[in-house]
Structure formats: C-alpha cells, structure tokens
Amino acid sequence: MPVLSLNESLLFTSMLFSVGLAGMLVRRNLVFMLMSLDVMLNASAVLFVAAGARWHDASGQVMFLMILALAAVETSVGLAIILCLHAQGRPTLDADTGNLLRG
Amino acid sequence: MMSLLLPLAVLCPLAASIIVFLSAGRLSARAVGGVACGGVGLAALSAIMLATGLLAGPPGGVVHAQLWEWVRVSGFSADIVFTLDRISMVMILVVTVVGLLIHVYAARYMADDPGIARFFGCMTLFVAAMLVLVLASDLLCLFIGWEGVGLCSYLLIGFWHDDPANTAAARKAFFMTRIGDTALLCGLLLLATQAGSLRIEPILAATMAGLVPSFTLIAAASFVLVGALAKSAQIPFQTWLPDAMAGPTPTSALIHAATMVTAGIYLIARLHVLFAAAPVVMAVMAVTGALTLLVAACTALVQSDLKRILAWSTISQLGYMFLALGCGAWQAALFHLMTHACFKALLFLAAGAIIMRLGHEQDIFRMGGLRRTMPGLGVAFVAGASALAGLPVVTAGFYSKEMILAGVWGSRFMTPLSAHVLWATGLLGAFLTALYIFRCVFIVFAGEGKGAVSGGTPRLMAVPLACLTFLALFGGIIEMPDVIAPVHLFTALLSPSGHPSPMHEPGWTVLAGAIVPLAGLAVAWVLWGRTPAVMREMPQQAAIIRLARPGHGMDVLYDHIFVQPLRLLVWLTRRDVPDRLVAQAGWLTRSASIALAKTRKDILDTVARRTAIMTAEGSLLLGWMQNGRVRWYAGWVAGGLCVALAVVMLS
Amino acid sequence: MNPLPALVLLPIAGGGVAWLAGRSRMAAALRVHDAPWRIALMTLVLETLVLLVATLRHPAHAEPWMAHFSMPWVPTMGIAVRLDMDGLSLALIWLSLILCLACLFLATRQVMANGGVFHFLLLATLAGVIGTFLATDLFLFFFFWELMLVPMFVLIAVWGHEDRQRAALKFFLFTQGGGLLMLLSILGLVMMHYRADGVLTFDYFALAATPLSPTVSMLLMLGFFAAFAVKLPVVPVHVWLPDAHTQAPTAASVLLAGILLKTGGYGMIRFNVMLFPDAAARFAPLAMGLGVAGILYGAWLSCSQDDVKRLIAYGSISHMGFVLLGIFSSSPMGMEGAIVQMLAHGLSTGALFLVAGSIEERMHTRDMRRIGGLWAAMPRLSSAGVFFAVASLGMPGLGNFAGEFLVLLATWHVSPPVAVLASVGLVLSAIYALRLVNSIFLAPQGGSLQPMADFPARQMMALGCIMAFLVVLGLYPQPFMTFSAPSSPFPTTAAGREGHAS
C-alpha cells in the first residue's frame, strides 16, 4: 500500500521539476544552476520510483539507481569544469559570461 | 652403370657451365678454359665409354635412363628420359669429341677476351643442350635441347655485343630458328594429340602400324620438316647462317660443325619412319635439299669473306644431307654429318687461326701466298678443303658423298620426280663445291704474299687442328662403295640387324663421283691457281654477282617483304587502340559535363542567388539564437518541451 | 589451431605495427631508419612459417580441401567468415609470399618518404590478396577483392612516377567497375538460391548446387567474368594495366604483375568454371578467342614499346592470354597448364619488374633508347635481366614453357587453328624479349658512363631463388601440378577427380 497515490506523486514531481527548471533559468551562478539541475533529475527519479510502485515493477528502482549515478557523474563533471575555469584565472561564476568558448 | 653414365654425360658440361657462370670475374681465363674443357672432356670420355659399352652389348640394344616424369595429366604424359641407341651414339661421339677439340682451341683463342667466362659458359651450355637434344627419347625433352641450342647460339653470335650488327645477326638467327621451332612445336602438339605421349618409340610404332591417319601424318611431318629446315638453315630459312659468322670463330665452328645445324638432320633421321610414311614430304625435302645445295654453292662461289664462304658451304653440305634424307638414305646423311663435322670444324678452326694471325683480316682478296708463311695451317686447311670437295679415296668427304649419291641414285619416288635428276644435281653440287673451296684455297695460299703475318699458331690451337686433320682425311674409311671395297661398318653400326645396304649402283656412277671433284679442282686451278691468274679480282660489275653477294638477294627480299613492313606496321600500331578509345571517351565525358554545367549555370544562378540570400538571413537569426548562454539554452529546452506537450495535449 | 585466419590477419597486423614504427617520433625513438622495413620483413617471415605449418600439416591430398575455417559474421544474412584452402590457393599464396619477400629485399628498403605507411599498404594489399585466395564466402570474397584494391590505388597514386594520378584513377575505375558487376552477380546468385531453397546464404559450396536456368547462369557467369577479365586482363579491358604497371613504384608493379593479375585467373577457375560449368563451357569459344586475341595483341604492342616497364606490361598481357586460353579449354590439362603459367609468369615477370625498377632507380629513366648496354657496368643485374627475359619468351626448360605447352596442347584438342595462332605469339614474344635484351643488357654501352652499383650478393641471392624456382618449374612441373590442383566445390566429383588423377 503506497503512501502516496500516483496522482499525488505526479503532482509532487512536476512541482519539484518546475522548481528546478525555474532555478536553472533564473540563477546566473553556475553552482546554483548545477544544484537546480540535480533537483530536476531527482524529480524524474522520484517519478520513476512512484511509477514502479504503482505497477509493482522493480525497474523503476533500477532506473532510480541509474539516475542517481548519472546525477553524481554530472555534478562532478560540472564542478570539475567550474574548478578548471577557476584554475585558468576566471574570477566569476556567472554563466552568461562564458559564451565565448575561449579558455 | 650405363644408365648412370648417360645423365652424367649431359651433367658434366652443364655443371661446367654453371661453375663458369657463377664464378664470372673470379677465375682466371686459364682456369675458365680448363673448367670448360674439363666438363666437355668428361662428357667425351663418358660418351666413349657408353659407345664401347653399347657396341659390346647385343645388336639393337639401347641404354635407357628414366630420370623423372615431366608431366602426367589425363590424356598426356611426358618424361625426362634419355635413350642411347646407335643413332644417338654416333651423334654424342661427334658432339663431344669435336666439341672438345673446339673447346681446347677456344681456350687459347679467347684467352685475352674479357668476357671469356660468359663465352665458355655459353659454349658448355651449348654442348649440354645439344646432348640433351641428341639423347632425349621424348620429343618434349628433345625440344628443351632444341631451343636451348637456339638460345646459346643467340648468346654466342651476339657475343661481342658492342657492335649492333652482331646483336642484330644474333637476333636474326634466333627469330628464324624460332619460326621453325614454333612449327616444330605445332608438329609436336599434333603428334601428342594423336598419341597421348611424345615418346619417340611409341609414336614410330604407331606410325608403322598404320594407326595414324595419313593426313595427320603428312601434317605432322611437314611441321617437323619446317622446324628442321629452319634449324639447319635450308631454303627458305638459309639467311641466318651466314650472318651467324658475327660470333667468335670457335662459336662458328661449334654451330656449323658439331651442333645446332645438324640438329635438323638428326631429328629427321631419328623420325625417318614417320617421314617414310609421308612420301610427299620426303619429295619436298629432297627437292629443297637439292635446291639449297646448288644455290648455296653458287653463292659461296662469289663470296669474298673467308668465313662466309665456309658458312655458305655449310648450308650447301646440309643440303646434301637433306637430299639424302629426302631419298630415304638417312644412314648416308648421318655419315656425311659425321665427316662434315670433322672437316668443317677443321676448316673453321684453321680459318680462325689464319684470321687471327693476319690481324682480323677476313677478306680473301687481301690474303695470298700464305703457303709460305704458315705452312702448317695451309696443310690443315687444304686437308679440310679436299675433304669438303670430296677428292677421291684419300679424304673422308669422298666416302660420305659417294654414299649419299648412291642412295639418291637408288631411291624410288612415286611422284614423277626422277631420282636421276636429283643425282645429277648432287653431282653438279659436288663440282661446284670443289670449285668454290679450291678457289678460296688458291686465292689464300697461292700467289704473292700480301699483308703482314704475326706470331705463330699456339700449340693449344695446333693440337686440335692436327686431330681434326687426321679425322678429316681418314674418318671415312669405315664405309666404302662396293666398287672399291665392301666395307660397310657404318651402315652395320646403324642397322645391325638389317640388310647390309644393298645399294647397287653402276660402277660408272662411282667413277663420276670421283672425277667430278677433280674436275672442279682443275677448273679452279685454271681460273685462280696459275700465277698470272685468269680471275684475280672479283668482277664487281656483273649484276648477277652483285645480287648474289649478300646471299642471293634473299636477305634483301626478306627485308623488303617481311621485316620492313612488319616494322612499319608495328610502329603504326604502337598506340594501344582500346587505350586511346578509353582516353577519348574520358575526355569526351569530361568536356560534355563541363558544357552541361555551363548551360545549367545560367538557370540555376538566379535560384542559387536567392537561396543564398535567404540562407544568409536565416543564418543570422539562428546565430542570434546560438548565443552561448546556458540559461538561454535551458529556456529554449523548456519552451520546446511546453510546445511539444501542448501539441500532444491539443491533438 | 587453425592457421587460416592467422594467414589473413598477420599481414594486416604487421603492417599496422610497421606504420606505427614508421611515424617520425617512433622512428627517432627506435634509432633505426628502416624500422618499418624490418618489421615488414619479420611479418613476412612469420607468415611464411605459418604457411609452412599449414602446408605440412596436411599430408599430400588426403582430401581435396586442406583446411577449413568458419565463423559467423552476419548470421541474419547468411554471411560468415568462411576460409577454405585447397592446393590452388596454397600455391598462389606461396607465390605471393615469395614475391613479397623478393620485393622487400630488392625494392622497398629505399622507400624513405613515409616508409611506414608504404609498408602498411604493401602488407594490406597482401592481406587482401591472401584473403581473396582463401575466402569461400562470396560476400567475404567480394570484401577482400575490394580490400586489395584500395591500398594498391594509394600506392600508385602517392609513390608512383610522373603520371601516377591518372594511372591510379584508371586502375581504380576499371577494377571497381568490374567488381560492381561481380557484386550484382553475387547478389543475383544468392537470390536465386534463396528462391530455390529458401535459405539465405553466401556459402560457396551451398551456392554451387543452385539449380539455374541456362540464361540466368550465363548472365551471372558473365558478371563474374567481367570482374576477373578486368583483373586478368583480357584484351578489350586491359587498358588500365600498362599505365598502372608503368607508373607504379617498383614494389607495387611487382605485386600487380605477380599477384594481383593472378587473382583474376584464380577467380575464373574458382568462380567461373567451377561454379557455372555449363555456362562456362558454352562461353568457352568466345573466351578462347579473347585469349588468343590477348596473346597476339599484347605481344604485338609489346614489340613497339620503348618504355621498359611498358614493354614488360604488354608482355604480361600476352602471357595472361595463355592463362585465359587454358582455363576455358575445358580440360584438366589446360587448367593445370594455366596454373603453371600463372606461377611461372608471376615469378618471371615479377622478377623482370624488379630488375626494371632497379635500372630505373639507377639510371632515372625507363626509355630503352637512353639506357644503353648495362652488361659491362652491371653484369649481375644484366644476367638476371637476360635470364628472366629468356624465361618470359617461353624457353623450354623454364616455367613459362611448361605452362604454355600444356595450354597449347589442351587448345589443340579443341581447335588446332586456334593453337597455331596462339603459338605465333611465341614468335612475337621472342621478338619483344630479345629486343629488351639487346637494347639494355647486351648492347653497345650508352653515353652515360658513371659507375653504378651492381646488385649486391644478397639481392642476387633473392633473384637466384626465383631463377631456381623457374628452372624447377620448367624441368619438373609435375609435383607443382599435383600440389596446386584446384578442388571442385562438389564433394562427389572431387573424389572422382582424385581417383582419376592417381
């Protein structure tokens, strides 16, 4: 007996996703953007779990685990890029200044 | 033991040849000569041992040496197999003994030549190839030797390759004989198709049993005849032999005396059963032989080059042999082949020595009075000349020529061709032979001395000359006409079981054969021998002589009819036609597509320009969207997602 | 362990290593300027060992097919990696290896510009050729057929002589065109088989049993024939050959003349005569006519060439005419003659190209009128040249004659006039071969008398081996013929053939 019904969890995940998306669009800080991205990923992960619970299928949880790994990888790569940029002597975290693709 | 000696006889010269070739430039000239003479000497030794062994055996006995099978496929098989019977025994003795004497002579003659290794390599290879040819009892194996001889003659005639004339002569010899070889090959193919094998005995047995259709027989015999004619330089292939004088003198001696040109005679003698079944071909052969005999003798009469006189005389003597073969007297042909090998080798070697001592002077009209300055050579040359002319009783040539004439007299032709006409031709030939060779003798040795003579004849060259002189004078007594003495050793040797040559001929024919050379000698004496000679110089003006000088105009004729047009044709068609076609097609396609592109361009231009403008504006728009800001991209993604959702919902 | 895949993969792998070793940084590290050459040599030695194992592992003709290897590749399409070896493929692979080794000894060590890539391409061509000789899956066969084409194209186009681009393009277009026709035929045959049996397969043995109507089988056979005729080459489509041979670098010329042409002959035996025996028998008169035309036309044009390599190239067109004649003479004798002729031609003409290449490298010209007599300056090179020229004019006792004789004999059984015409080619071959000998080897010395290096002893040894092979092939061809007999795709007839031959 699931704690949440499918509808509820759908509502919850879409809210979570919207929050992430909004964060992504409005924040300029790269770190915050990364965090928003994670929020969006987690939203879809929760949806997978919920769907798995609804249809009594273990694949949902498997997908959750995969998304978890993906999120970890994505975050680490993103952070690495940010660190790299810093190491090159770029003082800012503003995403909009990085559109020149120059070092 | 015997069958082991047989391949050894071939192997010795071959091994000598390989050693000489491989060691080129490392061995001294003396060592090279030694190796070559050793190789041929061993071959001669084993040939003598084989001969004694064979004669000690039963009559009609043969020695087989089956070496390996060449091919064995369904419908055909050929082996490398050597057989020694009486015919090939005579031949290997001639080839190795005369060859050995020539080699000994050449070891001294060529001692100063830088290319001596190449020379002796080819010479010994020549002897080896000739031995293969003679000993082979499979026609395919014979063909290997047959072409090998041709190749060696090519290499030797063109030995001094710095003069293009020499290499041209060499090539001419090879091409002429190659044409014959191809005909022979066709004959072999025909026989192989009929018999499934090229072993000589089964083929001859099948012929005797009448298993082969007569048309096939005639065709095969004609093919073989053409091959033999080309190899033995008979009409119409005679032109290569005089040019072959371009090689060193020992080569000429080897080609003319012991090997190469005798191959044709040998082949026909060996296949005489086949030819006996094709009388038409026999008649053609006899007529060709007689014709060659006369034509070559007449040509020899007007030459002024010592070696060329001998060359034409070789052709003429080969004509004798073909005449004999054509009349079925193949024993006589072989006998003449044997004596001819001795005296012709003698003549060539003596001529070579004379030429060498005169500082490479070959024109007989610039010689003269040599009987005083080089008496030894004079004796040798005169002995050879009298053997060639066939002076009665004292020379070998007399007996062999007598045997041929007797054979011709006694032959029967089914065709209207009369044997007596051929006999008369042979007699006329004998007269001409005596005339031209004693002309040469008198001009060279009699009269006033001209030109400087240097040095003496080295001993290494004198010894072979002495041996050959002996053979040329006394080699013929093993076979005599009945009128003189009933000695028939040679005939008995060749056909031991058969009837002892019942060639009954009237006594006056023998007398005629004896008188005619003497008459020739007398006429020559009258014309050229007496001190104020009747004909001292060459009558240059006579048109017939000018025509005859380069070889009866045949050379010129061939040059005009075959060689030049062929050359022109080859030159005209030197471009590869399909190649040109493809190149043209490629060029056409290219120009057509260029033209098409040009016409199309005008129409397409406007369209293209419009498109270009629109593309440029569109790209500006896209470029603005592509601003590199991550947040904008995320926005686009979200917006796109919304639109997609909306489309899904609304549809 | 099955040696067949190793035979194909080894050259490619060795070539790859040679390429790596030839890169400038690697070469500097190795401190050997001819590292690619050494690696290629080692590869070939290894390959020879593998081939030796493959040869010795199977006692002489215990069964017609000596080795088999099979591995699925695209199972849904019925395509598999099927490699089979019979005597014919074994003999031709030996020929390829011998020629490749001779090439390495005589011609490729001097290649300095991009030596690594050069050797890679050389070995890749070899791999393609060996694969062609082994493949019994038609798709795989086609794959290898095209595989050998590309490296050869690059070899000609990059390392060739003055007019290399055009020659390479011509070569590529002609061979490719033929190859496409063959592809169509292969697909057609597979479809016919699918329709008849309901099995989609590219297996040679399965396809050999396809029932075909006469028209269809003729059409399919012609498609195969087109590809092989271009490669052999047969006269109207020989156009690419003189240019390609002339413009290619020495090693590539040798491979082209010695091996690549043989794939044409091999294909005709394996895929024309064996796969479509009836259609081939009906096509035989025309094919024999083409063969005679090739013999005469090639020899005729060869007589008028002044370019050494071009002369040899036309000569080899003439020789391959004999191969065509033999293959379509519809008798085992002619077939075996054709095989012997292929082996002998590969050796003699390959060696002639090696000699010609060496002359070109020393004299910087291929024009016979400007080369002049070389005997005095280079007796070794010249004697080798004379030997191989004499071999190629069909001297009895050397390999070419054995092949030509058997072919002519088989032809005589079919039609004497054709055989007589073909034997006229022998006279013409004497003319061009002796013209070659008398204008560059045994000839008056040319104007330029700068001292030139003769062949060193080691290279002469390599050529000496080829000479020995030719002599043995000419004097004792029987073991080669037993050894290299092609096996039939039908098991029953194969057994019958064996019984008949023994």
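The values are calculated or read from the model by the stated rules, or taken from the named source; none is laboratory data. As the structure is a computational prediction, the values presented were derived from the model and not from experiment. Cβ placement follows ideal geometry from the backbone for every residue including glycine, while neighbour counts extend to all protein chains displayed. These accessible areas exclude ligands, DNA and RNA; they are computed on the full protein's heavy atoms, side chains included. Shrake-Rupley method; radii C 1.70, N 1.55, O 1.52, S 1.80 Å.
Here is a check on your reading of the model: is B:VAL382 over 30 Å from the mean Cα position of the chain (by Cα), open to solvent by 40 Å² or more (accessible area, probe 1.4 Å), touching a residue at least 12 places away in the same chain (Cβ under 8 Å) and in the same structural domain as B:LEU511 (by TED's automatic domain parsing)?
Details: over 30 Å from the mean Cα position of the chain (by Cα): no; open to solvent by 40 Å² or more (accessible area, probe 1.4 Å): yes; touching a residue at least 12 places away in the same chain (Cβ under 8 Å): yes; in the same structural domain as B:LEU511 (by TED's automatic domain parsing): yes.
Criteria not met by B:VAL382.
Okay, residues lined up against (1) within 14 Å of chain A (Cβ to nearest Cβ); (2) open to solvent by 80 Å² or more (accessible area, probe 1.4 Å):
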{"position": "B:ALA616", "(1), (2)": "no, no"}
{"position": "B:LEU621", "(1), (2)": "no, yes"}
{"position": "B:VAL637", "(1), (2)": "yes, yes"}
{"position": "B:VAL643", "(1), (2)": "no, yes"}
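Filter segment C:306-332 down to the residues that are within 12 Å of chain B (Cβ to nearest Cβ) and open to solvent by less than 20 Å² (accessible area, probe 1.4 Å), then identify the one that is nearest to B:ARG171 (Cα to Cα).
C:LEU311
As an exercise: evaluate B:LEU151 against (1) within 15 Å of B:ALA246 (Cα to Cα); (2) within 8 Å of another protein chain (Cβ to nearest Cβ); (3) open to solvent by 10 Å² or more (accessible area, probe 1.4 Å); (4) in contact with a helix residue (DSSP H, G or I) (Cβ under 9 Å, 6 or more places away or on another chain) and give the number of the one condition it does not meet.
Condition (1) is where B:LEU151 drops out.
Does at least one position in segment B:564-572 carry a residue that is open to solvent by 80 Å² or more (accessible area, probe 1.4 Å), at pLDDT 65 or above and not in a helix (DSSP H, G or I)?
Let us first name the residues in segment B:564-572 that are open to solvent by 80 Å² or more (accessible area, probe 1.4 Å), namely B:567-569, B:571-572.
Subsequent filtering for residues that are at pLDDT 65 or above retains B:567-569, B:571-572.
Pick out the ones that are also not in a helix (DSSP H, G or I) and you get none.
There is no residue in segment B:564-572 that is open to solvent by 80 Å² or more (accessible area, probe 1.4 Å), at pLDDT 65 or above and not in a helix (DSSP H, G or I).
Could you please give the count of residues in segment B:282-319 that are over 25 Å from B:VAL95 (Cα atoms) and either basic (Lys, Arg) or surrounded by fewer than 23 Cβ atoms within 10 Å (Cβ to Cβ) (or both)? Full working, then the answer.
Within segment B:282-319, the subset over 25 Å from B:VAL95 (Cα atoms) is B:282-284, B:286-288, B:290-291, B:294-295, B:297-305.
Subset that is either basic (Lys, Arg) or surrounded by fewer than 23 Cβ atoms within 10 Å (Cβ to Cβ) (or both): B:283-284, B:287-288, B:291, B:294-295, B:298, B:301-302, B:304-305.
Number satisfying all stated conditions: 12.
Just the residues that are assigned to a helix (DSSP H, G or I) and surrounded by fewer than 16 Cβ atoms within 10 Å (Cβ to Cβ), please, taken from segment B:49-106.
Keep residues of segment B:49-106 that are assigned to a helix (DSSP H, G or I), which gives B:49-56, B:86-106.
If the condition is that a residue be assigned to a helix (DSSP H, G or I) and surrounded by fewer than 16 Cβ atoms within 10 Å (Cβ to Cβ), then B:MET49, B:THR52, B:LEU55, B:ALA56 are the ones that fit.
Could you please find all residues in segment A:60-78 being over 19 Å from A:VAL19 (Cβ atoms), surrounded by 12 or more Cβ atoms within 10 Å (Cβ to Cβ) and of a type in the set (S, T, N, Q)?
Of everything in segment A:60-78, just one residue is over 19 Å from A:VAL19 (Cβ atoms), surrounded by 12 or more Cβ atoms within 10 Å (Cβ to Cβ) and of a type in the set (S, T, N, Q), namely A:GLN61.
Out of curiosity, is A:VAL39 among the hydrophobic types (A, V, I, L, M, F, W, C) and within 14 Å of chain B (Cβ to nearest Cβ)?
yes
What are the residues in segment C:1-24 that are of a type in the set (Gly, Ala, Ser) and open to solvent by 40 Å² or more (accessible area, probe 1.4 Å), if any? Walk me through it before giving the result.
Kept after step one, since they are of a type in the set (Gly, Ala, Ser), are these residues of segment C:1-24: C:6, C:13-16, C:18, C:21-22, C:24.
Of everything in segment C:1-24, those that are of a type in the set (Gly, Ala, Ser) and open to solvent by 40 Å² or more (accessible area, probe 1.4 Å) turn out to be C:ALA13, C:SER24.
Select from segment C:358-385 the residues that are in a helix (DSSP H, G or I) and small (Gly, Ala, Ser) and write down the one among them that is surrounded by the fewest Cβ atoms within 10 Å (Cβ to Cβ). Spell out the reasoning first.
To start, the set of residues in segment C:358-385 that are in a helix (DSSP H, G or I) comprises C:358-363, C:368-371, C:379-385.
From the residues that got through so far, the ones that are small (Gly, Ala, Ser) too are C:358, C:382-385.
Details: C:SER358: 24, C:SER382: 23, C:SER383: 21, C:ALA384: 25, C:GLY385: 27.
Out of the qualifying residues, it is C:SER383.
When only residues in segment B:326-357 that are among the aliphatic types (A, V, I, L, M) and open to solvent by 10 Å² or more (accessible area, probe 1.4 Å) count, which is farthest from B:THR96 (Cα to Cα)? Steps first, please.
Just the residues of segment B:326-357 that are among the aliphatic types (A, V, I, L, M), to begin with: B:329, B:332-334, B:337-338, B:341, B:345-347, B:349-351, B:353-356.
If we keep only those that are open to solvent by 10 Å² or more (accessible area, probe 1.4 Å) too, we end up with B:338, B:356.
On the way: B:MET338: 12, B:MET356: 25 Å.
That would be B:MET356.
For segment B:256-275, which residues satisfy the criterion of being among the β-branched types (Val, Ile, Thr) and modelled with pLDDT of 85 or more? Before the answer, list the steps.
First, the residues of segment B:256-275 that are among the β-branched types (Val, Ile, Thr): B:259, B:261-262, B:265, B:268, B:273.
Within segment B:256-275, B:VAL261, B:THR262, B:ILE265, B:ILE268, B:VAL273 meet the criteria.
Only one of B:SER46, B:SER77 is in contact with a strand residue (DSSP E or B) (Cβ under 7 Å, 6 or more places away or on another chain) and not hydrophobic (A, V, I, L, M, F, W, C); which?
Working: B:SER46 fails: in contact with a strand residue (DSSP E or B) (Cβ under 7 Å, 6 or more places away or on another chain).
Going through B:SER46, B:SER77 in turn, the sole match is B:SER77.
Please work out if A:ASN42 is touching a residue at least 24 places away in the same chain (Cβ under 8 Å), touching a Gly at 6+ places or on another chain (Cβ under 9 Å) and surrounded by 12 or more Cβ atoms within 10 Å (Cβ to Cβ).
Numbers: touching a residue at least 24 places away in the same chain (Cβ under 8 Å): yes; touching a Gly at 6+ places or on another chain (Cβ under 9 Å): yes; surrounded by 12 or more Cβ atoms within 10 Å (Cβ to Cβ): yes.
It is true that A:ASN42 is touching a residue at least 24 places away in the same chain (Cβ under 8 Å), touching a Gly at 6+ places or on another chain (Cβ under 9 Å) and surrounded by 12 or more Cβ atoms within 10 Å (Cβ to Cβ).
Take C:MET335 and tell me if it is within 14 Å of another protein chain (Cβ to nearest Cβ) and of a type outside the set (Gly, Ala, Ser). Show your work before the answer.
Numbers: within 14 Å of another protein chain (Cβ to nearest Cβ): yes; of a type outside the set (Gly, Ala, Ser): yes.
Yes: the conditions hold for C:MET335.
Show the residue pairs that are 6+ apart or on different chains and have beta-carbon atoms under 7 Å apart, the first residue being within segment B:1-28 and in contact (Cβ under 8 Å) with a residue 24 or more places away in the chain and more than 14 Å from chain C (Cβ to nearest Cβ), the second being of a type outside the set (Asp, Glu) and not in a helix (DSSP H, G or I).
B:MET2/B:VAL63; B:SER3/B:VAL63; B:SER3/B:HIS64; B:SER3/B:ALA65; B:LEU6/B:VAL63; B:LEU6/B:ALA65; B:LEU6/B:PHE82; B:LEU6/B:LEU84
Which one of these does C:GLY294 not meet: (1) away from chain B (no Cβ under 12 Å); (2) open to solvent by less than 10 Å² (accessible area, probe 1.4 Å); (3) among the small types (Gly, Ala, Ser); (4) more than 27 Å from C:PHE490 (Cα to Cα)?
Looking at each condition in turn, C:GLY294 falls short on (1).
Determine whether B:ASP579 is surrounded by 10 or more Cβ atoms within 10 Å (Cβ to Cβ), away from chain A (no Cβ under 14 Å) and part of a helix (DSSP H, G or I).
Values: surrounded by 10 or more Cβ atoms within 10 Å (Cβ to Cβ): yes; away from chain A (no Cβ under 14 Å): yes; part of a helix (DSSP H, G or I): yes.
So B:ASP579 passes the test.
Go through segment C:171-259 and tell me which helices (runs of 4 or more DSSP H), entirely inside it, have 1 or more residues that are open to solvent by 10 Å² or more (accessible area, probe 1.4 Å) and free of Cβ contacts under 8 Å to residues at least 60 places away in the same chain. Lay out the reasoning, then the answer.
Working: elements: C:204-208, C:214-231, C:240-247, C:250-255.
Ranges flagged: C:204-208, C:214-231.
Between B:ARG72, B:ARG86, B:ARG118, which is facing chain C (nearest Cβ under 9 Å), touching a Pro at 6+ places or on another chain (Cβ under 9 Å) and among the charged types (D, E, K, R)?
Exactly one residue qualifies, and that residue is B:ARG118.
Restricting to segment B:121-147, give me the number of residues that are at the interface with chain C (Cβ under 10 Å from one of its Cβ atoms) and either open to solvent by 10 Å² or more (accessible area, probe 1.4 Å) or of a type in the set (Val, Ile, Thr) (or both). Talk me through it step by step, then tell me what you get.
Going through segment B:121-147, the residues at the interface with chain C (Cβ under 10 Å from one of its Cβ atoms) turn out to be B:121, B:129, B:132, B:140-147.
Narrowing further to those that are either open to solvent by 10 Å² or more (accessible area, probe 1.4 Å) or of a type in the set (Val, Ile, Thr) (or both): B:129, B:132, B:144.
Going through segment B:121-147 one residue at a time, the tally reaches 3.
Keeping to segment A:16-47, report how many residues are under 21 Å from B:ARG631 (Cβ atoms) and over 8 Å from the mean Cα position of the chain (by Cα). Lay out the reasoning, then the answer.
Just the residues of segment A:16-47 that are under 21 Å from B:ARG631 (Cβ atoms), to begin with: A:16-44.
Then drop every residue that is not over 8 Å from the mean Cα position of the chain (by Cα), which leaves A:16-19, A:21-33, A:44.
Residues flagged as under 21 Å from B:ARG631 (Cβ atoms) and over 8 Å from the mean Cα position of the chain (by Cα) within segment A:16-47 amount to 18.
So, B:TYR399, is that one in the same structural domain as B:THR292 (by TED's automatic domain parsing), in a helix (DSSP H, G or I) and touching a strand residue (DSSP E or B) at 6+ places or on another chain (Cβ under 7 Å) or not? Don't jump to the end; show me each part of the working.
Numbers: in the same structural domain as B:THR292 (by TED's automatic domain parsing): yes; in a helix (DSSP H, G or I): yes; touching a strand residue (DSSP E or B) at 6+ places or on another chain (Cβ under 7 Å): yes.
Against the criterion (in the same structural domain as B:THR292 (by TED's automatic domain parsing), in a helix (DSSP H, G or I) and touching a strand residue (DSSP E or B) at 6+ places or on another chain (Cβ under 7 Å)), B:TYR399 qualifies.
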